[in-house]
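Below: the structure, in structure tokens.
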Amino acid sequence: MTTRLCLPFRSIFSALFFVLFAAIPFLAIPARGETPREWATANVDELFQLYQHFHTHPELSFQEIETAARVAKELKAVGVEVTEGVGGTGVVGVLKNGKGPMVMLRTDLDALPVTELTGLAYASKVKVKDPTGVEVGVMHACGHDIHITNLVAMARYFSSHKDQWAGTLIFLGQPAEERGSGAKKMLDDKLFERFGKPDFALALHCDSSLASDMVGCRGGFMLANVDSVDITIRGRGGHGAMPHTTVDPIVTAAQLILSLQTIVSRETKPTDPAVVTVGSIHGGTKHNIIGDTCVLQITVRSYSDDVRAHLLKSIQTKAEAISAAAGAQKPLIAISEGTPAMFNDEKLAARMSDVFNMEFGKEKVIPGEPSMGGEDFSQYGRAGVPILMFRIGTVEPARLERLKKLEAIPSLHSPLFYPDAEPTLITAAHSMISATLELMKK
């Protein structure tokens, strides 16, 4: 038997049902229910415009005045408390959201003395004089413009999604990564004493050989100790036709260059990575003149502190011994631009790899290979903070396949390097938001 509701009761029931149904979206669906990737995709047009600004306004190390000012402006616009001028041109933003861990997100601000040859409509046309007075082009050839834009994206996301996290976020705009000294400058300016020592620090880095929908994450050593060594061999000049009356600094330098190769091949354990490269040699002025000096510029790379110390000591020993054997004066030796090896905290890397596998799929997440390049993000790890720098792809998959076939993938620091900005920015924001939420979830 069918039961029919009387008209008044049926009207009341219908009205009540409508009220409850209408309320469901507000009760069951969060106001900001989009995933990190959905948010990044929805906001990529604005982020791309900001990226273009940073790309077309690059500044060299310790000259990042306008870049730092724009970062500070963007952070302030979303309610972040900002301090400028930390460690020179550094920017520190603080966003508090109740009790919880303190997490630092870092970007580098500086560009490179490289003249851009990408042919992009928004290619950098900036030219400045370097510290030696030579005019050089300036370009974000290492992807720092992506890094900077992503830091602003993080501030925008986390300031508008406070329901998803708890704790304190530090947004760090660091100068002079390319000089290997910006992080130390900020630490020397009492970064952690003034703003607190983070429980974790995260950074991402562009990878010029990885597809833009992929992420690389590995624990342990990822980047090397980097030292620059300048050696001046001091001989005694004279006529090229009378070498017996001279102490030829070029011949002495040649002997030293060959001897330096044995430091890695014969003095260093084969399983300990090490590099000693003579990148520059300058001596003499004319065919028939033996000069007084010859200058070598050497880059030295390693992972362990013991290997680093041995390499530098052996270079000095060989330079002095070979000079003495040639009858030359004691050489002048200067070691500079030292950056410690970057060690990704292994527990943090494993935790973030799980996050990336879930967010991107295991086929899109790779460990990535350790490199003998350098990064002063390592300084924060040396200061006692668990750190992780992961890599993001920058080349749209179809373009990457074409470049592979041509064997013409431009590396970072190349005047031809450029990221496919929109997909790269989406991957950057997606990965960094997901990683940060994992560390700061309520």
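The values are calculated or read from the model by the stated rules, or taken from the named source; none is laboratory data. The structure presented is a predicted model; accordingly, all values stated were derived computationally and were not measured. Every residue, glycine as well, gets a Cβ built from its backbone with ideal geometry; the counts of neighbours run over all protein chains shown.
Points to keep in mind about this one:
- Qualifying residue in region 184-200 (condition: touching a residue at least 40 places away in the same chain (Cβ under 8 Å), among the small types (Gly, Ala, Ser) and outside the structural domain of LEU400 (by TED's automatic domain parsing)): no
- All positions within region 212-254 that are closer than 29 Å to GLY374 by Cβ and not in a strand (DSSP E or B): SER212, ASP213, MET214, CYS217, ARG218, GLY219, ALA224, ALA253, ALA254
- Cβ-Cβ under 7 Å pairs, at least 6 apart or on other chains, region 139-151 side at positive phi, far side surrounded by 24 or more Cβ atoms within 10 Å (Cβ to Cβ) and in a loop (DSSP other than H, G, I, E, B): GLY143/PRO419
- Selection of region 180-200 for residues being of a type in the set (D, E, K, R), assigned to a loop (DSSP other than H, G, I, E, B) and within 21 Å of ALA72 (Cβ to Cβ) yields ASP189, LYS190.
Yes/no matrix, rows are residues, columns are (1) at pLDDT 95 or above; (2) outside the structural domain of ARG382 (by TED's automatic domain parsing); (3) out of contact with any His (no Cβ under 9 Å at 6 or more places or on another chain); (4) farther than 24 Å from ASP376 by Cα:
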{"residue": "GLY237", "(1), (2), (3), (4)": "yes, yes, yes, yes"}
{"residue": "MET242", "(1), (2), (3), (4)": "yes, yes, yes, yes"}
{"residue": "THR245", "(1), (2), (3), (4)": "yes, yes, no, yes"}
{"residue": "ALA253", "(1), (2), (3), (4)": "yes, yes, yes, yes"}
{"residue": "ILE257", "(1), (2), (3), (4)": "yes, yes, yes, yes"}
{"residue": "THR262", "(1), (2), (3), (4)": "yes, yes, yes, yes"}
{"residue": "SER265", "(1), (2), (3), (4)": "yes, yes, yes, yes"}
{"residue": "ALA274", "(1), (2), (3), (4)": "yes, yes, no, no"}
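- For region 297-318, a residue qualifies if it is crowded, with 19+ Cβ neighbours inside 10 Å and assigned to a strand (DSSP E or B), and the qualifying residues are ILE298, VAL300, ARG301, SER302.
- Extreme residue, surrounded by the most Cβ atoms within 10 Å (Cβ to Cβ), among residues of region 345-366 that are in contact with a Ser or Thr (Cβ under 7 Å, 6 or more places away or on another chain) and within 18 Å of ILE387 (Cβ to Cβ): PHE356
- Selection count where residues are surrounded by 24 or more Cβ atoms within 10 Å (Cβ to Cβ) and in contact with a helix residue (DSSP H, G or I) (Cβ under 6 Å, 6 or more places away or on another chain), scope region 172-199: 5
- Residues that are modelled with pLDDT under 95 number at least 1 in the following helices (runs of 4 or more DSSP H) confined to region 1-120: 7-28.
- Criterion violated by ILE409 - all others in (1) assigned to a loop (DSSP other than H, G, I, E, B); (2) of a type in the set (A, V, I, L, M); (3) in contact with a Pro (Cβ under 9 Å, 6 or more places away or on another chain) satisfied: (3)
- Being closer than 21 Å to GLY167 by Cα, touching a Lys or Arg at 6+ places or on another chain (Cβ under 8 Å) and free of Cβ contacts under 8 Å to residues at least 40 places away in the same chain is a description that applies to VAL82.
- Here GLY327 clears all of (1) in the same structural domain as ALA203 (by TED's automatic domain parsing); (2) touching a residue at least 40 places away in the same chain (Cβ under 8 Å); (3) not basic (Lys, Arg) except the condition numbered (1).
- Exactly one residue out of HIS161, HIS140 is over 18 Å from PHE62 (Cβ atoms) and either of a type in the set (Lys, Arg) or surrounded by 16 or more Cβ atoms within 10 Å (Cβ to Cβ) (or both), and it is HIS161.
- The residues on offer are THR339, THR424, and the sole one that is under 20 Å from SER302 (Cβ atoms), buried (at least 18 other Cβ atoms within 10 Å of the Cβ) and of a type in the set (Ser, Thr, Tyr) is THR339.
- Output for region 111-122, where each listed residue is among the small types (Gly, Ala, Ser) and either out of contact with any helix residue (DSSP H, G or I) (no Cβ under 8 Å at 6 or more places or on another chain) or not assigned by TED's automatic domain parsing to the domain that holds PHE417 (or both): GLY119, ALA121
- Test: residue in region 80-98 that is farther than 17 Å from ARG194 by Cβ, crowded, with 22+ Cβ neighbours inside 10 Å and among the hydrophobic types (A, V, I, L, M, F, W, C): no
- Top-ranked residue in region 383-398 [being outside any strand (DSSP E or B) and touching a strand residue (DSSP E or B) at 6+ places or on another chain (Cβ under 9 Å); ranked as surrounded by the fewest Cβ atoms within 10 Å (Cβ to Cβ)]: PRO397
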